[in-house]
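Below: the structure, in structure tokens.
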Amino acid sequence: TTLPPPPPGTVTGTPRRWLRIEGLAALVAGAGIYLAAGGPWLLLVPFVLAVDLSMASYPAGPRTGGVVDNLAHNQATGLVVLGAGVVSGIVPLVLAGEVLVGHTGMDRLAGYGLKYPTSFGDTHLGRIGR
């Protein structure tokens with residue numbers, strides 16, 4: 001069987017590879033700064049995985065799920081939280097920002113992109129799942 005074409009706007013080719021390299025850099029930076037800021041290394045993996053709790057929004061529909069998931073899975077959110085933590089001197093905010101940056105990088109490295117409102121599996125880096 002042939003797969004349906006990817007959603008319009010899907011990033012392919014060299015730009016897709018650059019986004020994955022950028023994801024690796026964000027993952028390394030996020031984890032490194034988290035640890036340098038005093039984040040407990042034993043909690044890094046559970047915290048990084050906890051970001052995916054945003055998927056619990058999908059029962060409200062693919063549009064709502066996509067918005068909530070995209071808010072949790074973009075560098076802007078992570079950088080705003082990180083910046084707020086640095087400016088305020090609140091270390092848990094710094095750690096949360098770095099977890100968000102690292103998680104988003106990990107997802108981009110794995111080929112998971114921002115969601116389109118059509119389906120959980122339709123992302124800017126292509127279709128995921130079956």
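Just one of (1) surrounded by 14 or more Cβ atoms within 10 Å (Cβ to Cβ); (2) in contact with a Lys or Arg (Cβ under 9 Å, 6 or more places away or on another chain); (3) over 23 Å from residue 95 (Cα atoms) trips up residue 4, so point out which.
(1)
Those residues that are at negative phi and free of Cβ contacts under 8 Å to residues at least 60 places away in the same chain, I need them from region 8-20; list them, please.
Kept after step one, since they are at negative phi, are these residues of region 8-20: 8, 10-12, 14-20.
Of everything in region 8-20, those that are at negative phi and free of Cβ contacts under 8 Å to residues at least 60 places away in the same chain turn out to be 8, 14, 15, 17, 18.
A quick yes/no check of all residues on (1) under 18 Å from residue 125 (Cβ atoms); (2) among the aliphatic types (A, V, I, L, M); (3) surrounded by fewer than 21 Cβ atoms within 10 Å (Cβ to Cβ):
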residue	(1), (2), (3)
61	no, no, yes
72	yes, yes, yes
78	yes, no, no
84	no, yes, yes
90	no, yes, yes
94	no, yes, no
97	no, no, no
103	yes, no, no
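Residues checked against (1) over 22 Å from residue 13 (Cβ atoms); (2) of a type in the set (Gly, Ala, Ser):
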position: 70; (1), (2): yes, no
position: 87; (1), (2): yes, no
position: 93; (1), (2): yes, no
position: 97; (1), (2): yes, yes
position: 110; (1), (2): no, yes
position: 114; (1), (2): no, no
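It is to be established whether one or more residues within region 111-128 are touching a Phe, Trp or Tyr at 6+ places or on another chain (Cβ under 8 Å), in a helix (DSSP H, G or I) and not polar (S, T, N, Q). Spell out the reasoning first.
Narrowing region 111-128 to residues touching a Phe, Trp or Tyr at 6+ places or on another chain (Cβ under 8 Å): 120, 122-125, 128.
Okay, now just the ones that are also in a helix (DSSP H, G or I), so none.
Scanning region 111-128, I find no residue that is touching a Phe, Trp or Tyr at 6+ places or on another chain (Cβ under 8 Å), in a helix (DSSP H, G or I) and not polar (S, T, N, Q), so the answer is no.
Every read-out reported here was derived from the displayed coordinates using simple, explicitly stated rules and does not represent laboratory data. None of the values given here were measured: they were computed from a predicted structure. Quick reminder, even Gly has a Cβ in these numbers, built from the backbone with ideal geometry, and neighbours come from all protein chains shown.
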